[in-house]
C-alpha cells in the first residue's frame, strides 16, 4: 500500500512532467492559453495514461517484445479515440478548442514513455498509481502554466476578468513565442526550487 | 461494430504480416552481444575509449578491437560483466585523472591584452593564442569544465580548472577539447614515461634535472606538509632520492630563478629532508603500482641505471628481475665516494626500497658466462635490457667470448690479436667507430679471412683524418637482428649533416660487429620470430645526436653522475614500456633537449630576497671522533618549510610574486 | 516461423479488438455527438434564422437523401405549426467553400433568414458576410423563384464593400440551398406532417 | 501552380510545424544540441513524413471514408506510421546501410514525433488532395528541418555563453525557441 502511494505521489513533484520528466512538451505549449483547456487536457491525459497503464500492465506478459511499441500505441490510440468521442459527445466546445491535440495525445511521449519504462515492468496496481500520479502531475503543470499565461495574457482566469478595464494584456504570452518563453522560465524556476 | 473490428483487424493483419515478412526479408544479423554490451556501458558517450560513443565501442569490444576495460567510466563490476559476455580476459587499467598543466590564472599571469569575448577557450585562442603572454597558459574560460561528462571539473578561485579526482574517470574529454592541450590525463605510469616538451609548462629547475624530477611539484607538496606525496613525485622519476640527496650534482640549483634575486632554493637539501623523514618513519614510500601485466622483463646490470629501470618497470606493472655480475647491487655507488659523503646505509636504504617494491634480483650472474641474451629470451622474458653501464668492460671480462651475441670490443679485439688468441669473426664484419684503430682492425679482419668488412663513422669525412675505401662516413648503426647466439643482420643508416634525419636505411648481413666504444650501450633485446632484434632507447636530453645506438655525448651509459644514470635508466624503462604497448619508442619531436630554446624570463620582479636555509654542520670534535659521520645534518621540519616557502613555483614565465 | 506468426497475431488481435471496441463506443455516442456538433456548429445560426420559433430546431430535424448524400432539414415551429425549414447550401468563396444555412417559409416559399455557418474568408473583409447583419438582412422575405445575384451581376443583393467574391459565394450557397429545397419539397412536406401536433 | 507555391511557403514559414503549431517539440529540444544530430533528424523526418502523408491519405480516403469509419483515424494512422517507420528502418538496414548509419538512430524517435501524426491529421482536416498532401507533407518536414537546424546552430552558440545555472540546458533552449518563434512571426504577413 505504501508503495502504491509512493508511485502515485512521485508524479506530483519528484518526477512531475514536463518539468522533471521533460516529456510531452507539445500539448504543454499548445493548450495552456486558457486554464479551462489546460484542465481538459490534463483530465484527458490522466484518463488515457491511467487506462493504458492498466491495460499494458495486465497484458505485459502477452506482448511480444519486438512489436511491443506497436501494441502499446494501439492501446493508447484506442483510449485516445474513446476520449475524443466522449469529449465530442459531452463537451463539444472543448473538443473544438483542443482540436488536433486530442488525437496527438497518442504520440505524447509521456504515455509511451510510461508504458515502456513503467507499466511494462510493474504490476497493475502500481502502474495505475503511476499513471494517475503522472497524469495529475501533468495536469497540475498545465494548470500552473495556463494560469500564468491566461491571467497575464488575457487578463482573465477561467474566462472571468481579474483586472480592471484599464489592464492591457501581455498578448505576447498567449502567442507561440510566449508559450516557449513561459515554459522555459517555468523550467528555470523549477531548477531553482530543486536546489 | 463488425465493420470497425473487421477493418482494423484487417489493417493490423496486413501491417503485421508486412512487418513479419519484412523482418524476414530484410534480416540482418546483429550480434546479440553488441546490444548486451551496449546496455552495460554507461552511455555517457564521452569518447574516452577512443570510439565515437558507447554503441561504437560496444561493437568494437564484441569484435575484439577494443578491450572490455576500454571504457574509462565503467566500474570494475561492469567491466567484469562485459568481459563475461565477450569471453575476453580483462586487462585492468591504471586509473588516470585529468591534471591541469598550468599554475597561474589569467589574473596573475602576464597578459598580452584583455580578452572580452565569447567565454570559451576555443574562441579566445583564435585571437593571437589567447590573452596570456605564455603560449601554454590556461585561459580559464572553462571549456573543459563544460565538456566534462561527469561533472568532475570546475574553475577554482585561481581561475584555473580544479579536478574532483573522485568524480574524474579519466575519459580524456577535457584533454581533447582544450585548444591549448593544457589539461592532460595523468597517472604515475604516464609520469614515468614522460619527457618534458616545449609545449608544456616547466620550471627551469625541472628542465635542468637529468632525471626529470618534478621539482616544483615536490617542493609544493613539502609546503603543504604532504611529505609522502612529495616522495612519490620524486620516486616516479628517481628511485634513489637518498643517494641523490647526498651526492647529486644538482644542476637544478644553478638554474633556479632565485639566482636572479639572492640564492637558489636548497632543492637538494629539501630532498634530503624528505629522505630523513622517510627513514625516520622507517617505511619506504612507493609509487603506486599499475595493475600487474603479463610481461616479464630481465635487466642485466644491478647498478643505478639497471635498478632504476627495474624499479620503474616494476611500477609500470611488469615483473622485473635484475641480473648482477658481482655480489652486491648498486654498482659504482660503492666505489670512489667517501663514506662521510655517502654513508653506506644511505645506499642500502634506496636499494632496499627498490627490492621491497618487488624487483627480483639474482647476484653473481655474469653475462656471457652464466646467462646470455638468448637464454633469457628463451626463459620467456619479453625484453632483456642491457644496463651494464658504468663498468669498464675490462674490469670483469674474462670469459674470452663476447657477452652480447656477435659483439666484440675494438680494443679487446686488437689486444687478443696481439696476444695471438683466436677470435672468431665469421665472414662479414661491421666496425663501428674507432678512428684509426678501426682501419687497423679492418685490415686484421681481412687477414683473418673476412670477406666483407664495413667501417662506419658518424663524423663527416672532412672532419677526420683517416682514409679507407671501406669507411662510410655519416653512417650509424641503428639495430641488430640475430638468432640464438648468432648475429645475423645489422641495420645501418646514413644520416643528414645535422644528424637529425635518416637519409638511407640499409640492412647488411654481418657475423660480427666490432665496436669502438669501451662500454655496452643501453640496449633492449626483444624476441622476434626465430630470433631476436634490438631496440635502442631514444636519446636523452643531453644528447645532440638523435639517431644510432652509439651516441657521442652519452657515448654509452651516463656514468658521470648517478642522476644521469637514473635518467638513462628511466628512458630505458620508458622505451621498453612503449615498445611492449605498441607505441614507437622514439623521443617526442618537441622534447626539451640541449640547445632547444624554451620561453624564459631574464629578471624577476616583486620577489623580496629571503636568506637560504643552511645545512647545520657537525662539530669538529664529533667528526674527528667518527670519521665516517656525515659532515652536515639535514633540515629540521621548520627549516624545510621555510626553504620550501622560498620556492617561486615557476612556470615558463610565471613565478610567485609577492 | 512461429515467432513471425506470434508477431503477426499480436498486431492483428490488438488492432482488431481496438477497432471493435471503438465501434461500440462510437455507436453508443453517435446520437449525442451529432446533436452536439449541430448544436455548436449550426446552433447559433439556426437560432438566429428561426427567431421566435417554439421548438428546438436541432432536435426537430430529419434527413433526406439528395443525390449521393444526405441532407439534414431543420424544422421551425411557429404558432404550433411547422411553418419553416432550414437547410444548408454551399457556394464558392474567396478562400474556399462558404456554408450558408437558409431558412424558408414552406407556406409562402420565401426566405425567412440566412446565416453563414462555415467560411474561410479574409477576416474583416469577406468574413463580414457572417458578422454583418445588414448584409444578411437583405435576403429576408425575398421569394425563392428567382436565383439570387449580387447587383454587379444584375441581381438584387448589395455586395459587401470590397468582398464581392464572398458575397457572390453567399448568393451561390443560398441558391444551392434553395435548389435542394425545391427538389425535395414534396418529401419535406411529407415529413413536416410528423411535427404538426 | 500558384496555389502550390502558397502552400509550400505557408507550410514552411507561416505555419511552421515546430514554432507555430507546437508540434514535434520533444525531438526539437532533444536532438538540437549538436548540429550533426539535428541534420540527421531533419533528413529522417523529411523522409518519413512524405511517406507517412501519402500512406495515411490513401488509408483515409480508400478505407476509412467509404466505410464511415472516420473515428478510427487516430488508431489506424498511428499504426500505419509505426509500421512504416519500422519497415523503413529494416529496409535501410538491409539495402542502404550507409543511409541507415546516418538516419538509423533517429527513425525510432520518429514514431513518437507528434509532428508526423500531426501533419497527417492536418492534411486530412484541410481536405487536401493527394498531390497537395505530398506537397504539404514535404513542406512541413522541410519547415521542421529548417527550424531544427537553425535552432541547433543557435544552441551550439549558446554553449559558449555563460548561462545562469538554473536556466541551463532545456530551460534556455525553450526561451531561445521562443525568440526563434517570434522571428518566424514576421512571415505571417507574407500571404494574405
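Taken together, the values in this text are just the output of simple stated rules run on the coordinates, not laboratory data. Bear in mind that the values here come from a model prediction, so they are computed numbers and not experimental data. Every residue, glycine as well, gets a Cβ built from its backbone with ideal geometry; the counts of neighbours run over all protein chains shown.
Hey, how much of the P(r) for chain B falls beyond 38 Å, as a percent of Cα pairs?
The share of Cα pairs beyond 38 Å in chain B comes to 46 percent.
With both partners inside the range B:395-516, how many of the DSSP beta bridges are antiparallel, as a percent to the nearest 5?
Here the antiparallel bridges make up roughly 50 percent for the range B:395-516.
Between residue B:375 and residue B:190, with labels modelled 7 Å along Cα→Cβ, what's the label distance in nm to one decimal, could you check?
Taking the two extended label points, one gets 4.2 nm.
Stick to the Cα atoms of the range B:94-186, pair each with every other, and give me the Kirkwood hydrodynamic radius in Å at one decimal.
Hydrodynamic radius (Kirkwood, Cα only) of the range B:94-186 equals 13.1 Å.
For B:452, B:511, B:370, which order do you get if you count the other beta carbons within 10 Å of each Cβ and list the fewest first?
Fewest-to-most Cβ neighbours within 10 Å comes out as B:370, B:452, B:511.
Could you grab the relative contact order for chain D? Cα pairs under 8 Å, six or more apart, rounded to a whole percent.
43 percent.
Would you work out the relative contact order for the range A:2-194, in percent, from Cα pairs under 8 angstrom that are 6 or more residues apart?
This gives 37 percent for the range A:2-194.
Running Debye on chain C with equal point scatterers at the Cα sites and no solvent, what base-10 log of I(q)/I(0) appears at q = 0.12, 0.17, 0.18 Å⁻¹?
One equal scatterer on each Cα of chain C leads to -0.63, -1.09, -1.19.
Where does each of C:51, B:578, B:180 land when they are ranked from fewest to most other beta-carbon atoms within 10 angstrom?
C:51, B:578, B:180
Can you tell me the equivalent ellipsoid semi-axes for the range D:118-163? Use √(5λ) from the Cα gyration tensor, largest first, whole Å.
34, 9, 4
Please report the antiparallel percentage of the DSSP beta bridges confined to chain B, to the nearest 5.
The antiparallel fraction comes to roughly 60 percent.
Taking only Cα atoms, what is the 0 to 90° angle, nearest 10, from helix B:267-281's long axis to the longest principal axis of chain B?
80
Starting from the Cα of residue D:68, step 7 Å along the direction of its Cβ; do the same at residue C:108; then give the gap between the two resulting points in nm.
About 3.7 nm separates the two model spin labels.
Label the range B:577-658 by shape, choosing from rounded, prolate and oblate, from the square roots a ≥ b ≥ c of the eigenvalues of the Cα gyration tensor; if a/c is under 1.5 it is rounded, and otherwise prolate applies when a/b is larger than b/c, oblate when it is not.
Oblate, because a/c is 1.5 or more while a/b does not exceed b/c.
Can you give the Kirkwood hydrodynamic radius of the range C:100-197 from its Cα pairs, in Å with one decimal?
So the Kirkwood estimate lands at 14.1 Å.
Once you treat every alpha carbon in the range B:145-219 as an equal point and sum by Debye, what is log10 I(q)/I(0) at q = 0.21, 0.22, 0.23, 0.28 Å⁻¹?
Those come out to -1.09, -1.14, -1.19, -1.33, one per q.
Nearest 10 degrees, 0 to 90: what angle lies between the long axis of helix B:304-315 and the longest principal axis of chain B (Cα atoms)?
20
For residue C:187 and residue C:120, what is the calculated FRET efficiency with R₀ set at 30 Å and r taken between the beta-carbons, to the nearest 0.05?
The value I calculate is 0.40.
Please compute the volume of the convex hull spanned by the alpha-carbon atoms of the range B:1-137 and report it per residue in Å³.
256
Measuring from label point to label point, each 7 Å out along Cα→Cβ, what is the residue B:107 to residue B:14 span in nm?
7.2
Hull surface divided by four, with the convex hull built on the Cα atoms of chain A: how many nm²?
12.1
From the P(r) of the range D:138-192, can you give the percent of Cα pairs sitting at distances over 12 Å?
The answer is 71 percent, as a whole percent.
Could you list B:597, D:165 so that the one with the fewest beta carbons within 10 Å of its beta carbon is first and the one with the most is last?
B:597, D:165
In µm²/s, what is D for the range D:2-190 at 4 °C and 1.567 mPa s, where D = kT/(6 pi eta Rh) by Stokes-Einstein and Rh is the Kirkwood radius from Cα pairs?
D = 75 µm²/s.
Suppose we take every Cα in the range B:252-363 and form the convex hull; what volume per residue is that in Å³?
Value for the range B:252-363: 138 Å³ per residue.
Can you divide the C-alpha Rg of the range B:395-516 by 2.2 N^0.38 Å and report the result to two decimal places?
1.04
Evaluate the relative contact order of the range C:46-195 (contact order divided by residue number), counting alpha-carbon pairs under 8 angstrom at least 6 apart; express in whole percent.
23
In Å and on Cα atoms, what radius of gyration and Dmax does the range A:112-167 show?
For the range A:112-167, the Cα-based Rg and Dmax read 17.8, 56 Å.
Mind checking the full-extension length gain between residue B:133 and residue B:363? Use 0.36 nm per residue of separation minus the Cα-Cα distance, one decimal, nm.
My answer for the length gained is 77.3 nm.
Give the Kirkwood hydrodynamic radius (Å, one decimal) of the range D:19-131, defined as one over the mean of 1/r across all pairs of different Cα atoms.
With all distinct Cα pairs of the range D:19-131 included, I get 14.7 Å.
At a Förster distance of 56 Å, what's the computed FRET efficiency of residue D:33 paired with residue C:9, Cβ-Cβ distance as r, to 0.05?
The value I calculate is 0.85.
What number, in nm² with one decimal, is the all-direction average of the projected area of the convex hull of the alpha-carbon atoms of the range B:34-91?
Averaged projected hull area, Cα only: 3.1 nm².
How high is the FRET efficiency between residue C:158 and residue C:81 when r is their beta carbon distance and R₀ equals 25 Å, given to the nearest 0.05?
Rounded to the nearest 0.05, the efficiency is 0.15.
Taking a quarter of the surface of the convex hull around the Cα atoms of the protein assembly as shown, what do you get in nm²?
Projected area, direction-averaged: 67.6 nm².
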